1. Spin-label point model (7 Å from Cα, Cβ direction): what's the A:Gln298 to B:Ser107 distance in nm?
2. Just to be sure I understand: if you take the accessible area of chain B alone plus chain A alone and subtract the pair, with a 1.4 Å probe, what total do you get in Å², rounded to 100?
3. Which part of the range B:88-115 falls in the paramagnetic zone of B:Gln136, meaning amide N under 19 Å from the point 7 Å along Cα-to-beta-carbon?
4. What's the tally of Lys pairs in the range A:200-302 whose alpha-carbon atoms lie under 20 angstrom apart, where the two lysines are 8 or more places apart or on different chains?
Amino acid sequence: SDRGMEKRNQTPTSPNPHATTMTSFLSATAAVRSRNGEKCLPIHNSEGGATISVSFDGQNLAIGTGKYPTASYHDDVGIDHGITQAPWERRFSPYEFNGGTTLAISGKDYAVVAADTRLSSGYEILSRNISKLHPLTEKCVLGSAGCKTDVDQLRSVLDIKMKVYAHNHRKPMATPSVAQMLGNTLYYKRFFPYYAFNVLAGVDSEGKGAVYSYDAIGSFERTPFSASGSGQSFLIPLMDNVISHKNRLDEKRDLEAEEVVEIVKDAFITAGERDIYTGDAVEIMIIRSDGIQKELFQLKAD
Amino acid sequence: LKDDAKKSPVRTSQNAPTPFQILYFKYATAISTIPSSTSILTTALILTMSLSLQPGGSSTRAPPTGTLSAPGNAVTTRPITTGTSVLGIKYRDGVMLAADTLCSYGSLAKYKNARRLLPVNSRTLIGGSGEYSDLQAIDDLLRRNALEDRCTADSLYEEENDAEDCAKEVWSYLRAVMYNRRSKMNPLWNDIVVAGFRQNDDGSTSEEPFLGIVDKIGTAYEDDILATGFGGYIALPLMREKYRPDMEEGEARALLEDSLRILFYRDCRALNRVQIAKVTRDGGVLVSDPYELDTYWDFKGFVTNKGEMGTDGGW
């Protein structure tokens, strides 16, 4: 009787197996991250691609113990082949990177948009003359690199929306409106994105050149120029110097459309030299209020 | 988010969750079960691991544990019975396709007389590589469409009606089918080559031949010469070298046979029993019976052990 009461009133000495010292998700990651910079769960692939095995048995958090190595790094391709990490089953991926580079530059009363014509898959070239440029109206062209099947689907969806708009408003869509609609269409698929890196180029209602850059989920901005795709790292620094006139001492002047086309050709020769996914030919379009001019410029086919 | 988690605790694979949806759902579960801090941490840790944005997409990420899919509603994860390359080439009179008649079961050469070049209607031909059962499903689907076209056309007589889909229509339709399946994460595991002619605006068959390809995620493009699988590495460079737009039928056939022979030498999952098929303007679709290709195994490179050649050797 008394003993029973005593026992019931007694505070248990052993800790409750279901209680932990972590009281929230945030403090859990903070605790983990605070140990030695190497032994961290990765947050972003900018942290060198390190991943680590973690096990939690209800009470103890075990990091990097057991048979799997700690803080291992992927090779550049991101495929580990079960060498440094535990082997796992390769799953079907709905995406594939088909390569390509697009570039768009806006001018006073024109916009120039260009894209290479190579379609790749891994190290194979599937085709050397596939167009990545798609006129949406007479005054605006969409250039997309990335996963071709998603790009084709995006174009079909946009074409339908533009048709509906033209029926309802009895006029074709203006370029800034197309830009907004494209952003919305991409965000509509926020949780299973279109793997498309877009640039939109055209002339606005006042006749001035307009270029918009996008990311895969629809955030966009009107910019003086835009490059996207596998060769963007080679083109953007060059454009910063030549188009935006950064880090130059001579005076900036407005460029004519023909000069910009020559710059674009040189830019693609440069990108094609170092990027394996860029090459074969460049399709260049000059968009003005009175129409679109096209040109096809051959590049090295290697 | 709490309500979402309560509403749909079980998901079938009919609307199988994509990796993104799975993350979203797990996040919802994590928040809704706050009292139990154990499950938060486990879920949170799994969540963090799957959040790491490794390049290569979901194929290099560990499969999310606790994927909720009801049994019996499985999705395609890998091909089982497969066909190897299909080759296609445009020539003077039309388009020609070639493929061998082998269906492999992994490394077993299981079916040595399988038909991989299939007529869809009187003016379109498809050739498929990859999973053979999915190819049969596609063939069923296309022939069902063709039958419906014939039955609902203005005339029952083939010569008079242009209701049959031309090759370009079949190609576009197939692209939509493949894209739809991949968006449900349950692909038809094939690369399909479509051969035939374009259609004029009035519905009559055009003079211009058409050769296009659709892969398992819906990548669709057309060209003068096409090859799937291993053919892309071994046969395509040879065909690109020898191709001329106005080749005679004999030349085109010889080129395809040579390519198939070389594929047999170098592709482990190929066979020398082959089929050729063609679509011509006047003759419609013709598929040959399977026949054997002659092979020559006395090349010095095949016979001599490379280790003996005095250089650094090799196999």
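1. Result: 4.6 nm between the two label points.
2. Roughly 4200 Å² of accessible surface disappears when B and A pair.
3. B:100-115
4. Pairs that pass both the separation and distance tests number 4.
The values are calculated or read from the model by the stated rules, or taken from the named source; none is laboratory data. All values derive from a computational prediction rather than experimental measurement. Counting neighbours? That spans all protein chains shown, and the Cβs are built from the backbone with ideal geometry, glycine included. The protein model used for the area step is the full one, side chains on, heavy atoms only, and it has no ligands, DNA or RNA in it. Shrake-Rupley method; radii C 1.70, N 1.55, O 1.52, S 1.80 Å.
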